[in-house]
Every structure is written in C-alpha cells, then in structure tokens.
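*Asks:* Supplied in structure tokens, the structure appears directly below.
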Amino acid sequence: MGCAVADRLARSRVSVCLLEAGDDVAVGATRANSGIVHAGYDCTPGTLKARFNVRGNAMIWQLAEQLGVPALKCGSLVVAPAGGEEGLAELKRRADLNGVRAEILSREQALAVEPMLADGVTAALYAPDAGVVSPYQLAIALADRAAVNGVEVVTEAPVTALGKRDGVFCADTPKGKFEAKVVVNCAGASASRINAMLGAETYEEEFRKGEYYVLDHTERTNVSTVIFPLPTAAGKGILVAPTADGNVIYGPTSRPTVEDDTAVDAEGLEEIRRSVPLTYSRPAFNKCIRVYCGVRTAVGEDFVVQPSEKAEGLIVTAGICSPGLTSAPAIAEYVEELVGERLTLLPKEDYIEIPPRSPRLEELSEEKLNALIAKDRRWGKIVCRCEKVTEAEIVAAVHSPVPARTVDAVKRRVRAGMGRCQGGFCSTRVMEIISEELGIPMREIRKGAGHSEIAVLAVKEADDEKI
Amino acid sequence: MKRFDVLVIGGGPAGMAAAIAASDRGASVLLVERDVRLGGILNQCIHAGFGLHYFGEELTGPEYADRFEKKLAEKNVTVMLGAMALSVGEDGETVVLSPDEGLVHLKAGAVVLAMGCRERTAGAIALAGTRPAGIYTAGMAQKMCNIEGYLVGRRIVILGSGDIGLIMARRMTLEGAHVERVIELMPYSGGLKRNIVQCLDDFGIPINYSHTVTRVVGKPRMAGLYYAPVDENRKPVLSEEKFVECDCLLLSVGLIPENDILTGSGVKLDRVTSGALVDENRMTTVPGVFSCGNVLHVHDLVDNVSHESEIAGAAAADYALGRMSGTEGKICSVGVGRGVRYALPQRVHGGEGSVEIFFRTDNVYKNCKVVAECGGRVLWSKKRMIVAPGEMEKITLDKKDIDGDVTVRLEI
C-alpha cells in the first residue's frame, strides 16, 4: 500500500519520504498472500472494497505491463458442488451490480476452461478479468519507480514516536527524524498504533493467518485459472492457482491469530490437504517446494481509507485485507486526491514513467542475450540454476533504486533461491555477490530482517567461544 | 562450434569418468561444467573415505576428484567451465549458456547426462513453524564450512540421517559447534553404517529414530525446535513433543536426481529413482542419450559412480562412432518384487557376457535371501545377514541366462 501511494505522489512536485519498518519494502502482508488480481464480483456492492477492487483491476494490468512485473490475466472460477447454485447466483448478482464481467458455467463449460476440476463440481462462476500478479515484485517496482522519481525510501525505520507541532508532523525513527505536512498511514497491521501516536482513530483489528503450499513449475501445466471454492464468512476459501512466476499455490487457510504470527501450523497444512481435493482433482502435494504463511489484518467488514477526523493532515488506510493487492493502485489514486486537497500537487516535468529496468534472462532473445554477454560476461553466468538467474541480474538487483541488501531481498527481486532447491546451491554465491558489490563482510550478510546472519562464525573461531 | 562425438553434461565424478572412458574408446569429447572448476560436490567433501574400492586407498573428496582431473587432462576432452546446460532437446541438441561462448546449441553423436543430484529441502517436506535464518540443507552447510570458511550455527540439530547429515554432524562438532542430536523419521538410518559409527557414535551424538521435527520457532533467527516420536503411519505423537534450544537445523532428508533440463527431451524417468530408465549401457529411452552417477540414481559411494559412468561413457563413444555391440539380444525388463525398492538398469539385453544389477531394499531386513529370477527360474540367490536401504546392493547375472523379464526380490 505504501509503495503504491509513494509511487502515485512521486508524479507531483512534492517531496515524499517512504518510511518502512522492515528490512525491505513489501515484507509484511505483501510478501505472503495469494497474488490474486480479483475481478470484483465478491465484494458487497457499494463498499469501498467493491469500488477500489473494480477500479484497481482495471489499473493493475497496465501497471504490471509498464513496470515489467510478472502478471497473468488467466481468469478465475468459483466452483460449486450440487446445491451451490444459489451461492453462485448471488455472486453473479453482485458482479452485475459491481459492473464486473462474470458468467455462470455448467460443469461441462467449466471443464473446458479448467480440465481438472474435482468430480463434485457441478457449476462455476467464470470471471475473465481475474488473474495473478507477483505481489512483492509489483510493490518493489512501484517503490523503485518512486525512488527514481525522487522519493526517499528509508528501510529499517520503524516510527517510534509521531507528533505534530505548528502544523508539521515529526516522526522519530532509528534512522533519524522526518518532518512532513501530510502523513499517509499505510502501516498495515500497525495502522492503529501509528494513529494512536497522534491521538487519532484506532480500530479493532482482527488478524487471520493463511498457510500456503507452493508447487514446482512442473505443476503449472495442470492449472490454468484461479480456482476458488464458494466463499464463506471466513473468506474466499482455499484456492488452487497459478502464480505469475509460473508456480502453483494451494491456500490460504483463514484462522484467527495474533499480529505477526507467520508460523506455518501443521493443522493449517492439513486443512489445505483436505480442502484442495474438493475443487481440484489432481492435487500434487509431492511437488511442494515451499510452505509459507501470511497474516491479513481486517478492521470490520470494509477497508478504511479516509482523512482522520481527529488529526488534520493524517490520511489513514487500514484493514487493507483481500482484495487489498488488487485495490492498492486505486486506493493510492484516491489517497493522492486526498493529499491534493491539502497540498498543491503540480505535475513533475521530468517525471520518469517507465524507469530503465534490467531484463530477465527468459525475456531475452538469443541475439540480445549474446550481445549482452559480449559486453558483460556476467550475463553468461547462471547463479541460480533452478530459476535460471544470471549474475548480471543479481548485481542489478543489488544496485536497484531500492537496493537488495539481503539474500531474501535478492530472492524477491530476481527469484534466485526461489526454486526447487530453495537456495541450497546458490545462496553462498548470492551472499558473495552482495558482499562484493556493497562491501558488506560475509559475516554480516543477512537472510532478511534483524539478526538473520547466515555465516554466524568463521571456521576455527568457535573454539574460542563458549557455545 | 566444433562438432564432438560425445557431449558430457556435468564435470563431477560421473562426468569426468564418462569423459575419460569415452575418450579412451576414441571419441572426441566435450564436457560442460557449470562451476568454475571440475569435481562437483567432491570439492566440498574434504573428509576421507573416498576411493577405497576404486583406488584401494582412502582419499578425501578433492583428492579423488584430482586423480580424475589429472587423467582427464591427458585425454582428448575439451572442457567448458562456467557453462550451464539449459535444456536437452528431443534430438539430443543441448542449449548451453557460458560467459565465454554465449548461448550455444550443441549437437554431438551422443550425450551423457551427469548432472548429479540436489538435496530435498525444508519446503519439500513442508516443515512447519517459522522460516528463520538457521535452516539449511546439510550440503549447503558443508559448502559454507569447507569452501567459504563459515559455520551456519552454534547449536545444531540435524533432521535426517543421510550420509551428508552424518558427515556434517562430525564436521560441525570438529569445528567447535555443538550438535544436539540427529532426528530420523524412519526406524533406521538412510546412511552408511560406517558413518553412523564414525560420525555419531564416536562423538557421542545421540540419534532419535522414528522421530521427526514438528515445528521450528523463532524469528528472524531460529530459537529452537520441537520434535516428537512418530506412530506407525509416521505421524508425530504430539503429546510426547519435546523442545530443544538450537540456532540451526540442518536437513539431510534425501537427494533427488537433477533431471530438470530433460523436460522436452523425451527421456523417460523412473518414478522411484527420479532418474532415467536405462539399459545395461546406461542408455536412456532416447537413443544416443546416456545417464550415469547421481543423476541416474543416488549412490552411497563415489567409487560406484565412477564405475557406472565408465560404462556410460564407453557406450556413448561406441554409439557415436557407430559400433555399438551387445544390444542385438532380446531386451528384457528388470523389475522388483518383495522387499526391493528399485533395481537398475531397468532393462537388459540377453546375449554374451555378464551384467551387474544394482538395487536397494525398502527396509532393513535380517537373515534374508536375495533372489533374481527369470520366467520362474532362479538365476541367482544368496543369503544375507542384513540388508538396509542405505547400502546399495549388487548382483551379477549371466546375460545368456536372460530370455525374459527379470525380477529381483527378497525372501524374508
């Protein structure tokens, strides 16, 4: 959310700073969700969710295209067993009210779209405008474009105090004090905490965790659309979906939890194993390469996107759970409007809409690749064999506008370590590249946040230390 | 680019032995290796125990590799380093990316697949809990320690008792880390008996059989893990869960032949080994494409890899040079019966000479009998005091006896 807002504001002649508590952008809910671009048939008509989802869907495909973010408009199916016709009809009614293209299919018609639906599926709602996008790559690309256009992106800068004096907000962080005329709260799970610092509205947050299985690329040929069960009160249910990067995911669960509890629970995995066969006939849990868990934060039924009534100059986004990813560009557009009511937003003349970007190996023709290798040998060196990532791509990620300084940050940008060996072969080389390029000693290279160093001791050093 | 008789993909022990054997049969050979040096995983295996069978002496991994590398240098073999094979096509055309040559399409008279294997990961076993720094495969920890010079943890638990895990238990201990325990899902070890003795028993490291890790806790750094015994269905008994404080979990939970570049090649894979289906020459279902070493099936001893790869390399040379022999006889399948998980090669030709069949059992069996039979006739049988999945077994059959499908099984 913060990346989308920063990117939006970067188009105008205002100075913008993006404060991020984590070690990188996109490390909260954005890092671990389904990556679904929802069509918008599910949202209650008239809500902010419906409004931003539908508008966001229209915006996000273009953004992904512009920024070179992996995305796939593959359509979605809500599949129903016998007796589920009413549920599908209700979704269709909402789709019509929300202005979303959707049609109810018979089992035969649905099988023509997705051949491996479970035997019990009798009908489905097909939404051609749904699809998938890489959520963290989208956020990173937005942050990169913001940074290229002058936004200061400060990571590991949790706001420890926030006050207002003489009409100016002042935020204290471990990275220094920051002053601003307008504050946009995009702190996700911490939204209430930030608001409270200014005496503004707080919300009753509800945290729900969702586990996922990620399957090998080889499974991708078996899944071509996003397959949802009928939604329930707990959410949109456990889906089977391709990812924009060519994997398949099964998940998420939706179980009450506490903030930041991203541990995968065995019972969550068990629930997925039970649920998938109800919609999809060929579960392939043996192709699993990774399990993960994300936490979504809801405050009531709808999104909160509004100026604070208690602290003038504070604009609040909160409870941006599903369909938050899809909605983010549209929410950012609206937030820009709200900021524009408080600051004069004049367009930047030198705004860079499409920043230069390092290509991915798979995008290059043979001629282009060979031309690149002739200039820079690193294009010929595969570091991550599973995802086929070259040294040149990793170096580019390390030096990107919002630089990748950790192994996981590299992974999110170029997928080195994201494949079936999960970094077993390439992590050491990725660490060396970060070390060489940024001048960080190997001992200080981290997996991700906080003290997550990988090389904890040098060989022969342990003898001197009490373990 | 020059055309070669034989293209070998991979410069570890399998690729080097295959290239030498192919060259000895008069073939011109190109060997492509993705690393900047030859030797493969042997380079990080600095412990001794290699070469007892092949050289009759005990060598370290790098020493074993060095012997083959020196021999290779004397042969008609062109080596491309830093070169990664991206795909093998239906006609054996191989696409290779290298910083020196760029993206090239290579065609050779025969191709030998020798890409080795990879380790199963925490993701592959759907390990529950947090995902902090501190969870690595044993092989990655070995590379960090022996090549890069760093330890990845101070207090370590090892899940799985595969050979690399056992070797790393000893290695980390020698480097001053504390190995708390080894936890093994099965009631027996997946590694060699000698490694249990030399790497665990000699250092007083406990091993819990029929146990598993139930979840990992801590973030961003690992703070510990819970483990529990498993029931007969290998499900953890959570009421008996115990906690152990540690900052590192190493995984030694299996190796998988790395055949991913074969999608689109038409090479058929065996569902049990995850390697190619081959005949006694180690030729796959695609004529002219051969496979050997850990990419074919996971071995316990590098000595066996070298022997197997020599068979594949020599046959690849013969194929490329148009003088393949011994394949005129009837082709028969080699299947498995009770107690045997897989046998390899999966197909053999009848005819002259003998053929070695390698197999692994599916459990530990004491006082059993290994039987190979063909059409109801027993071709070979022998009593064994003990057989275990972690130790590859071998039998030798006379090819002239083989006139139908062969079955290898145990009498228990």
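*Asks:* Based only on other Cβ atoms within 10 Å, what is the fewest-to-most ordering of A:Trp61, A:Trp379? Write down the numbers at each step before the final one.
*Replies:* Numbers: A:Trp61 17, A:Trp379 25.
Least crowded to most crowded, the residues run A:Trp61, A:Trp379.
*Asks:* Also: Given the DSSP H assignment, sum -39500 (n - 2.57) over each helix run of at least 4 residues in chain A and divide by its residue total; what's the result at 222 nm in deg cm²/dmol, nearest 500? It would help to have the intermediate numbers written out before the result.
*Replies:* Values: 12 runs with 139 residues, N = 467.
Calculated mean residue ellipticity at 222 nm is -9000 deg cm²/dmol.
*Asks:* Still on this structure, I have one more. If we count GluC sites (Glu not before Pro) as exposed when they sit in a DSSP loop and have at most 11 other beta carbons within 10 Å, what is the longest stretch of chain B that avoids them all? Could the numbers behind the result be given before it?
*Replies:* Details: sites that count: B:Glu57, B:Glu74, B:Glu90, B:Glu232, B:Glu328.
The longest uninterrupted stretch comes out as B:91-231.
*Asks:* Specify which residue in the list A:Met442, A:Ile272, A:Thr344 is farthest towards the positive end of the charge dipole of chain A, using unit charges on the beta carbon of Lys, Arg (+1) and Asp, Glu (-1), about the Cα centre.
*Replies:* Of A:Met442, A:Ile272, A:Thr344, it is A:Met442.
*Asks:* Over chain B, what portion of Cα pair distances is larger than 33 Å, expressed as a whole percent? Could the numbers behind the result be given before it?
*Replies:* Numbers: 31000 of 84666 pairs.
Counting every Cα pair in chain B, those more than 33 Å apart make up 37 percent.
*Asks:* Under 5 Å between amide hydrogens, which residues at least 5 positions from A:Leu239 or on another chain qualify, with H placed 1.01 Å from N in the peptide plane?
*Replies:* Residues meeting the amide H criterion: A:Gly251.
*Asks:* With both partners inside the protein assembly as shown, how many of the DSSP beta bridges are antiparallel, as a percent to the nearest 5? List each step's numbers first, then the result.
*Replies:* Numbers: 113 of 157 bridges.
Looking only at bridges with both residues in the protein assembly as shown, the antiparallel portion is about 70 percent.
*Asks:* Just to be sure I understand the model, the point goes 7 Å from the Cα along the line to the Cβ. What's the resulting B:Arg3 to A:Ala58 distance in nm?
*Replies:* 6.0
*Asks:* Among B:Gly351, B:Gly204, B:Gly109, which one shows the biggest mean-square fluctuation in a GNM of chain B, springs joining Cα atoms closer than 10 Å?
*Replies:* Between B:Gly351, B:Gly204, B:Gly109, it is B:Gly204 that shows the largest mean-square fluctuation.
*Asks:* Further question on the same structure: Compute the long axis of helix B:13-24 from its Cα atoms, compare it with the longest principal axis of the Cα atoms of chain B, and write down the angle in degrees, 0 to 90, nearest 10.
*Replies:* Rounded to the nearest ten degrees, it is 10.
*Asks:* Also, quick follow-up: Putting +1 on Lys and Arg Cβ atoms and -1 on Asp and Glu Cβ atoms, find which of A:Asn247, A:Ala71, B:Ala17 reaches farthest to the positive end of the dipole of the protein assembly as shown.
*Replies:* Farthest along the dipole direction, towards plus: B:Ala17.
*Asks:* If the cut-off is 26 Å between C-alpha atoms, which lysines fall inside it for B:Lys394, apart from same-chain ones fewer than 8 positions away?
*Replies:* Cα-Cα hits under 26 Å: B:Lys193, B:Lys268, B:Lys330, B:Lys366, B:Lys369, B:Lys382, B:Lys383.
*Asks:* Moving on. How do B:Arg347, A:Arg145 rank when sorted from fewest to most other Cβ atoms within 10 Å of their own Cβ?
*Replies:* On the way: B:Arg347 18, A:Arg145 26.
Result, fewest neighbours first: B:Arg347, A:Arg145.
*Asks:* So what's the projected area for the protein assembly as shown, the Cα convex hull averaged over all directions, in nm²? If you can, show how the numbers build up before the last one.
*Replies:* Working: hull surface 155.2 nm².
Mean orientational projected area (the protein assembly as shown, Cα hull): 38.8 nm².
*Asks:* Of the listed peptides B:129-140, B:397-408, what is their order by residue-averaged count of other C-beta atoms within 10 Å, with the highest listed first? Don't skip to the end; give the middle numbers.
*Replies:* Details: B:129-140: 26.2, B:397-408: 17.9.
Final packing ranking: B:129-140, B:397-408.
*Asks:* In a Debye calculation with equal point scatterers on the alpha-carbon sites of region A:215-266 and no solvent, what is log10 I(q)/I(0) at q = 0.16, 0.25 Å⁻¹?
*Replies:* Values returned for q = 0.16, 0.25 Å⁻¹ are -0.58, -0.97.
*Asks:* So how strong a dipole does region B:1-160 carry about its Cα centre when Lys and Arg Cβ are +1 and Asp and Glu Cβ are -1, to the nearest 20 debye? Kindly include the intermediate steps, with their values, before the conclusion.
*Replies:* Values: 16 positive and 17 negative charges, 95 e Å.
I would put it at about 460 debye.
*Asks:* Helix-derived [θ] at 222 nm for chain B: sum -39500 (n - 2.57) over DSSP H runs of at least 4, divide by residue count, nearest 500? List each step's numbers first, then the result.
*Replies:* Details: 5 runs with 62 residues, N = 412.
Here the helix-only value at 222 nm equals -4500 deg cm²/dmol.
*Asks:* Could you give log10 I(q)/I(0) at q = 0.15, 0.17, 0.23 Å⁻¹ for region B:1-121, computed by the Debye formula over C-alpha point scatterers of equal weight, without solvent?
*Replies:* For region B:1-121 at q = 0.15, 0.17, 0.23 Å⁻¹, log10 I(q)/I(0) is -0.66, -0.83, -1.32.
*Asks:* A follow-up question, please. Placing +1 at every Lys and Arg Cβ and -1 at every Asp and Glu Cβ, with all other atoms neutral, what dipole size does the protein assembly as shown have around its Cα centre, in debye to the nearest 20? If you can, show how the numbers build up before the last one.
*Replies:* Values: 101 positive and 116 negative charges, 94 e Å.
Dipole size: approximately 460 debye.
*Asks:* Mind checking which aspartates and glutamates have their C-alpha under 14 Å from A:Lys310, skipping anything on the same chain fewer than 8 residues away?
*Replies:* Correct list for A:Lys310: A:Glu201.
*Asks:* Can you pull the mean other chain C-beta count within 10 Å for peptide B:211-223?
*Replies:* Details: counts 0, 0, 0, 1, 4, 2, 1, 1, 7, 11, 8, 1, 0.
Shielding by partners across B:211-223 averages 3.
*Asks:* Kindly provide the GluC sites (Glu not before Pro) of region A:174-245 that DSSP labels as loop, not H, G, I, E or B, and whose Cβ sees at most 12 other Cβ atoms within 10 Å. Intermediate results must be reported in sequence, preceding the final value.
*Replies:* Working: sites: A:Glu179, A:Glu201, A:Glu204, A:Glu205, A:Glu206, A:Glu211, A:Glu219; in loops: A:Glu201, A:Glu204, A:Glu205.
Those that pass, being in a loop and sparsely packed, are A:Glu204.
*Asks:* Still on this structure, I have one more. Which entries of A:Lys73/A:Lys447; A:Lys287/A:Lys388; A:Lys381/A:Lys460 have Cα-Cα distances beyond 21 Å here? Could the numbers behind the result be given before it?
*Replies:* Details: A:Lys73/A:Lys447 32 Å; A:Lys287/A:Lys388 19 Å; A:Lys381/A:Lys460 32 Å.
In this structure, A:Lys73/A:Lys447; A:Lys381/A:Lys460 exceed 21 Å between Cα atoms.
*Asks:* For chain B, build the charge dipole from Cβ charges (+1 Lys, Arg; -1 Asp, Glu) around the Cα centre, then report which of B:Gly129, B:Ile256, B:Pro345 sits farthest towards its positive end.
*Replies:* B:Gly129
*Asks:* While we're on this one: As a test, work out the antiparallel percent of DSSP beta bridges whose residues both lie in chain A, rounded to the nearest 5.
*Replies:* On the way: 55 of 64 bridges.
Rounded to the nearest five, the antiparallel share is 85 percent.
*Asks:* Shifting gears a bit: Per-residue Cβ counts within 10 Å, from other chains only, averaged over A:423-429: what number is that?
*Replies:* On the way: counts 4, 12, 10, 1, 6, 6, 2.
Mean partner shielding for this stretch: 6.
*Asks:* Please arrange A:Lys49, B:Lys107, B:Lys2 by counting, for each residue, the other beta carbons lying within 10 Å of its beta carbon, fewest first.
*Replies:* Details: A:Lys49 26, B:Lys107 14, B:Lys2 7.
Ascending number of Cβ neighbours within 10 Å: B:Lys2, B:Lys107, A:Lys49.
*Asks:* Shifting gears a bit: Size of the dipole of chain B about the Cα centre, Lys and Arg at +1 and Asp and Glu at -1 on the beta carbon, nothing else charged, in debye to 20?
*Replies:* Details: 46 positive and 51 negative charges, 155 e Å.
Roughly 740 debye, rounded to the nearest 20.
*Asks:* Can you say what percent of the DSSP beta bridges in chain B, counting only those with both residues inside, are antiparallel? Round to 5. Walk me through the numbers before you get to the answer.
*Replies:* Details: 55 of 90 bridges.
Here the antiparallel bridges make up roughly 60 percent for chain B.
*Asks:* From other protein chains only, count the Cβ atoms within 10 Å of every residue's Cβ in A:253-265, then give the mean. Walk me through the numbers before you get to the answer.
*Replies:* Numbers: counts 0, 0, 0, 0, 0, 0, 0, 1, 1, 3, 10, 8, 3.
Whole-number average of other-chain Cβ neighbours for A:253-265 is 2.
A short reminder: the numbers here are calculations on the coordinates, not readings from a lab. Just so you know, these numbers come straight off a predicted model, no measurement behind them. Glycine also receives a Cβ, built like all others from the backbone with ideal geometry; neighbour counts cover every protein chain displayed.
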